[in-house]
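Beneath this line is the structure, given in structure tokens, with notes to follow.
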Amino acid sequence: MADQNEILAGLAEIVNEETGVEVEDVQLEKSFTEDLDIDSISMMTIVVNAEEKFGVTIPDEEVKNLKTVGDAVNFIANA
Amino acid sequence: MPTLKQAEPNRYSRILGYGSARGDLDVTNHDIAGPIDSSDEWIVQRTGIKTRHRASENLSITDLAVAAAKDALANSGIIGEDLDAVIVATVTHPHATPSLAALVADGVGSKAPAYDISAACAGFCYAVAQADALVKAGTAQNVLVIGVEKLSDFIDNTERTISFLLGDGAGAAVVGPSETPGIGPTVWGSDGANWEAVGMSHSILEIRNRDFVTHPVEEGEKIWPTLRQDGQKVFRWAVWEMAKVAQQALDAAGITAEDLGAFVPHQANMRIIDQMVKTLKLPDTVLVGRNIECAGNTSAASVPLAVDALLDEHPELSGKLALQIGFGAGLVFAAQVVVLP
Ligand SMILES: CC(C)(COP(=O)(O)OP(=O)(O)OC[C@H]1O[C@@H](n2cnc3c(N)ncnc32)[C@H](O)[C@@H]1OP(=O)(O)O)[C@@H](O)C(=O)NCCC(=O)NCCS
């Protein structure tokens, strides 16, 4: 499995592609909704793209728990 | 023993013309936001819908279907008597039997075989697949297909997952024989494991079996079946699996995205449409059906309504290729490339 930094970089690319948020702004402690202003629809699109990119499955129930970028990186790293 | 006679097949089929009919009311986001604690801003941002056409009490599902059918017949230069089959795709005809198709056939002056199919938002593309097969097999020469819904009869306006998306309308097309290929292979299928992801809240038998003495009707409760969905599940399935199906339909037709004049996906959510356009890497030259903004999600009617709206706005699309794809409750899906009339 890719290490945390690689996952973060990959995720940042997906977030940037979907929302236009700068890659540098996608940091572990940032909250998707509060800090990055990502709505629930963009979040689903990001999840679908992350599943493809990292070859993991992120169930619907799990998406609610991914509050910060760090939560998502950890989930993907341990999936 | 004599040799059996079989129908002579037609080599190719095509769509001769589209037609449509819309609900007579424009229902804005403001009109419906109150009971679901929503707002115009929320709905526009998450779905792209600004208003939806709905039909008043005076405009029945049969009226909508017949109006769209007449429009399609006129655009195709065909009269009711020339029809060999009438197929109606709907999930909101209030009678399980007799069919709506029989009424529509009668309404356009046809005695042709007539039947309904239930494939929700994929209904129109399913019907086109059937019409294409009937024509090519020589079972029929001219087939009228209609996708029609009066979804407003089956919504609970206090329900948050789907009611605000839905509109009423009808779209129709006539499929007939052709000298050249006019309808690509349909890529279609189902996923009944997700039967519960979107559909009616309960069945009519559940109403029959309810003991209204021990379970009286609560204030504001709708006892008849109304629509609801698991929006997240449907969204993920739509953006992910349906882009693949759309690509398969292009491959099956032997064309690429660059060859398209138009892309007309089911009008479920503008954000789903945007994502599909990205995933399919459609060039800017491809016009995209986006009338969800004013029509809402009209289920079986959505694809033909959107095609007809595009053709009205861009008559230069005539003769060009369009990829149409429907997907929804079942789950079911169907996609095909067609030559626009
Ligand atoms: C229906 C849909 C727009 C809902 O959007 P969503 O982002 O999934 O909504 P969620 O249920 O995750 O809710 C996100 C937030 O919005 C709120 N919300 C949900 N529905 C709402 C509504 N109608 N109005 C206002 N707010 C709503 C939720 O309470 C939640 O708030 P919170 O974050 O403060 O808890 C979306 O799931 C969708 O379009 N799915 C595809 C369905 C489709 O096209 N079906 C047709 C099939 S044919």
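The values are calculated or read from the model by the stated rules, or taken from the named source; none is laboratory data. What you see is a predicted model; the values in this text were computed from it and never measured. Cβ sites come from the backbone with ideal geometry, for glycine too, and all protein chains shown count toward neighbours. Please note that ligands, DNA and RNA were not included when accessible areas were found on the heavy atoms of the full protein model with its side chains. Shrake-Rupley method; radii C 1.70, N 1.55, O 1.52, S 1.80 Å.
A few comments on the model shown:
- The listed residues B:204, B:117, once ranked by accessible area (1.4 Å probe) with the largest placed first, stand as B:204, B:117.
- Rh (Kirkwood; distinct C-alpha pairs) - the protein assembly as shown, Å: 22.6
- Over region B:120-275, Cα pairs under 8 Å with separation of 6+ residues give a relative contact order of 24 percent.
- Per residue solvent-accessible surface (Å²) - region B:1-149, probe of 1.4 Å: 47
- Chain A, relative contact order [Cα under 8 Å, separation at least 6], %: 40
- Helix-only CD estimate at 222 nm, as mean residue ellipticity for chain A, using -39500 (n - 2.57) per DSSP H run (n ≥ 4): -17500 deg cm²/dmol
- Averaging 1/r across all pairs of distinct Cα atoms in chain B and inverting the result yields a Kirkwood radius of 20.2 Å.
- A compact globular protein would have a Cα radius of gyration near 2.2 N^0.38 Å; the ratio found for region B:115-241 is 1.36.
- Long pairs among B:222/B:244; A:64/B:150; B:150/B:233; B:70/B:278, criterion Cα-Cα beyond 30 Å: B:222/B:244; A:64/B:150; B:70/B:278
- From its DSSP helices (H runs of at least four residues, each -39,500 (n - 2.57)), chain B gives a residue-normalised ellipticity at 222 nm of -9500 deg cm²/dmol.
- Placed amide H near residue B:16: partners under 5 Å, 5+ positions off or other chain: B:174, B:175, B:176
- Chain B: relative contact order in percent, alpha carbon pairs under 8 Å with at least 6 residues between: 26
- Within 10 Å of each Cβ in B:225-233, the average number of Cβ atoms from other chains: 2
- Between amide H atoms placed 1.01 Å from N, distances below 5 Å from residue B:264 occur with B:289, B:323, B:324, B:325, all of them 5 or more places distant or on a separate chain.
- Per-residue mean of foreign Cβ neighbours for A:38-48 is 5 (Cβ atoms of other chains, 10 Å radius).
- Accessible area in the full protein assembly, largest first, 1.4 Å probe, for B:270, B:276: B:270, B:276
- Here is the list for region B:212-268: chymotrypsin sites (Phe, Trp or Tyr not before Pro) lying in DSSP coil, each with at most 16 other C-beta atoms within 10 angstrom of its C-beta, are B:212.
- Antiparallel bridge percentage (DSSP; both residues within chain B; nearest 5): 70
- For region B:8-91, GluC sites (Glu not before Pro) meeting the loop criterion (DSSP other than H, G, I, E, B) and having at most 16 other Cβ atoms within 10 Å: B:57.
- In terms of accessible area, using a 1.4 Å probe and ignoring ligands and nucleic acids, B:126, B:18 rank largest first as B:126, B:18.
- Expressed as a whole percent, the accessible surface of the protein assembly as shown that belongs to carbon and sulfur atoms is 51, based on a 1.4 Å probe.
- With at most 12 other Cβ atoms within 10 Å, longest stretch of chain B clear of loop trypsin sites (Lys or Arg not before Pro) (DSSP): B:112-280
- The protein assembly as shown - share of DSSP beta bridges that are antiparallel (%, nearest 5): 70
- The mean number of partner chain beta-carbon atoms within 10 angstrom of a residue's beta-carbon across peptide B:265-275 is 2.
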